[in-house]
Amino acid sequence: MARIGFIGLGIMGSHMAANLIRAGHEVTGYDLVPASVEKLLQAGGKPAPDIAAAVAGAEVIITMLPDSPQVAEVVLGAGGVLEAAAPGVLLIDMSSIAPETSLAVAASGEEHGVRVLDAPVSGGEQGAINASLSIMIGGCAEDFEAARPVFEDLGRTIVHVGPHGAGQTVKAANQLLVAGIISLVSEAIVLLEASGVDAERGLEVLAGGLAGNRILDLKASTMLARQFTPGFRIDLHHKDMGIALSSARSAGVSLPVTALVAQLVAAARAQGHGSDDHSSLLAVIEGLSDR
Ligand code: NAD
């Protein structure tokens, strides 16, 4: 069992920290939002008033923050993780951020004697609650093996995908797939409803055939009811589509469907759905047909 400092106790981090506590780890947590730190206390964790206090005495530090600027500030900034962490500590960043930020964090970590892994996740809030996340890990193999017991308390599919930053590239691929599939499920709903077919029964049969997918399994009923409570916010998916497109540019490849879907996500945000679940892409696609 490890002493873990956990920074970023939002939709995902709160459940992940609670699972680590349940598994017997000693978790000290910090978040900008005091109510989130209070929730950790109720789950059996120790609240910390700042980053340095969360990191003090930790063997493993986990960050679960929105985007690259927050990870850079929390890890590299004044009063941040690298200033406070003891040499030899393992820093696992589980946020979904740009691969180049993960590379910069790993390089600075090395200068401070801190071992770093990028370990973004997929599986949504439900996966965080059930400890059934898919975790894609970039970094060196030895550090991955050291972190494996912690990953096993958070997820089910745990794969070391390559060197620093590789976890984030795999996550970008995950996000373009998810947004693309939500867009197509939305188009199927619009077509079925506009044609006067019972969309619930239509989607039920689609889910059992070659078109079956996890979005249909997990989100069909809430999409049909137009319930867009997050889950995963459009604002965060907009960020991820930007990472996917800039990674494609860096790799020198063309991803035309991803570029189109990124525009639909941007439209959702522009139309006021930034804080809604990413399944609110349905509202954008309905709007194109004035429905
Ligand atoms: P969230 O916004 O609910 O949580 C982020 C937390 O970080 C918030 O509680 C916020 O207060 C805290 N925070 C921000 N800046 C901070 C700082 N400087 N110091 C301390 N705390 C700070 O987001 P989330 O949905 O939990 O997502 C976290 C990450 O996981 C994102 O990168 C997201 O893309 C990724 N992700 C989310 C989901 C999902 O379904 N929600 C699924 C997979 C991956």
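The values are calculated or read from the model by the stated rules, or taken from the named source; none is laboratory data. Worth saying up front: this structure is predicted, and the values here are computed from it rather than measured. Cβ atoms come from the backbone with ideal geometry, glycine included; neighbour counts cover every protein chain shown. The area values use the complete protein model at the heavy-atom level, side chains included, leaving out ligands, DNA and RNA. Shrake-Rupley method; radii C 1.70, N 1.55, O 1.52, S 1.80 Å.
Highest mobility in the GNM of the chain, judged by mean-square fluctuation with C-alpha springs under 10 Å and restricted to Pro120, Pro99, Pro87, is found for Pro87.
What net charge is computed for the residues neighbouring Ala207, neighbours being all others with C-beta under 15 Å from the C-beta of Ala207, Lys and Arg scored +1, Asp and Glu -1?
On the way: positive: Arg201, Arg214, Lys219; negative: Asp198, Glu200, Glu204, Asp217.
Once positives and negatives cancel, what remains is -1.
Considering all C-alpha pairs of the range 90-246, those separated by over 22 Å amount to 49%. Taking amide H as placed 1.01 Å from N in the peptide plane, the amide H of Gly29 sits under 5 Å from that of Phe6, Lys46, Ala48, each at least 5 places away or on another chain.
In a shell of Cβ-Cβ distance under 9 Å around Val27, excluding Val27 itself, what net charge do Lys and Arg (+1) and Asp and Glu (-1) give? Write out the running numbers ahead of the final one.
Working: positive: Arg3, Lys46; negative: Glu26.
Summing Lys and Arg as +1 and Asp and Glu as -1 gives +1.
Could you state the accessible area per residue of the range 145-243 in Å², with a 1.4 Å probe and every protein chain left in place?
Working: 5040 Å² over 99 residues.
Result: 51 Å² per residue.
If both residues of a DSSP beta bridge must be in the chain, then about 15% of such bridges are antiparallel. Quick one: with all protein chains in place, what share of the accessible area of the chain is carbon or sulfur, to the nearest percent (1.4 Å probe)? Reported share for carbon and sulfur atoms: 56 percent.
Given a 1.4 Å probe, how much area per residue of the range 1-72 is accessible, in Å²? Spell out each step's value before the answer.
Values: 3070 Å² over 72 residues.
Here the per-residue accessible area is 43 Å².
In order along the range 55-69, phi translates into HN-Hα couplings of 8, 4, x, 6, 8, 10, 10, 10, 10, 9, 10, x, 7, 3, x Hz, rounded to whole numbers, per the Karplus curve 6.51 cos²θ - 1.76 cosθ + 1.60 with θ = phi - 60° and x for Gly and Pro.
For the chain, the fraction of C-alpha pairs more than 34 angstrom apart is 23%. Computed log10 I(q)/I(0) for the range 165-291 at 0.10 Å⁻¹: -0.31, from the Debye equation with unit scatterers placed on every C-alpha and solvent omitted.
With N set to the number of residues, divide the alpha-carbon radius of gyration of the range 36-99 by 2.2 N^0.38 Å and report two decimals. Mind showing how you got there, number by number?
On the way: Rg = 12.0 Å, N = 64, 2.2 N^0.38 = 10.7 Å.
Working it through for the range 36-99, the quotient is 1.12.
Each Lys and Arg adds +1 at its Cβ and each Asp and Glu adds -1 at its Cβ; summed about the Cα centre, the chain shows a dipole of about 300 debye. When the chain is described by a simple charge dipole with +1 on each Lys and Arg Cβ and -1 on each Asp and Glu Cβ, the residue from Pro230, Gly24, Ala106 located farthest towards its positive end is Pro230. Computed from backbone phi with θ = phi - 60° and the Karplus coefficients 6.51, -1.76 and 1.60, the 3J(HN,Hα) list for the range 208-225 is x, x, 5, 7, x, 7, 5, 5, 4, 4, 8, 10, 4, 5, 5, 5, 4, 8 Hz; x is used for glycine and proline. Other residues with beta-carbon under 10 Å from the beta-carbon of Ile92 carry, at +1 per Lys or Arg and -1 per Asp or Glu, a net charge of -2.
Phi angles across the range 242-256 convert, under the Karplus curve 6.51 cos²θ - 1.76 cosθ + 1.60 with θ = phi - 60°, into 3J(HN,Hα) values of x, 5, 4, 6, 6, 5, 4, 4, 4, 7, x, 10, 9, 10, x Hz, Gly and Pro given as x.
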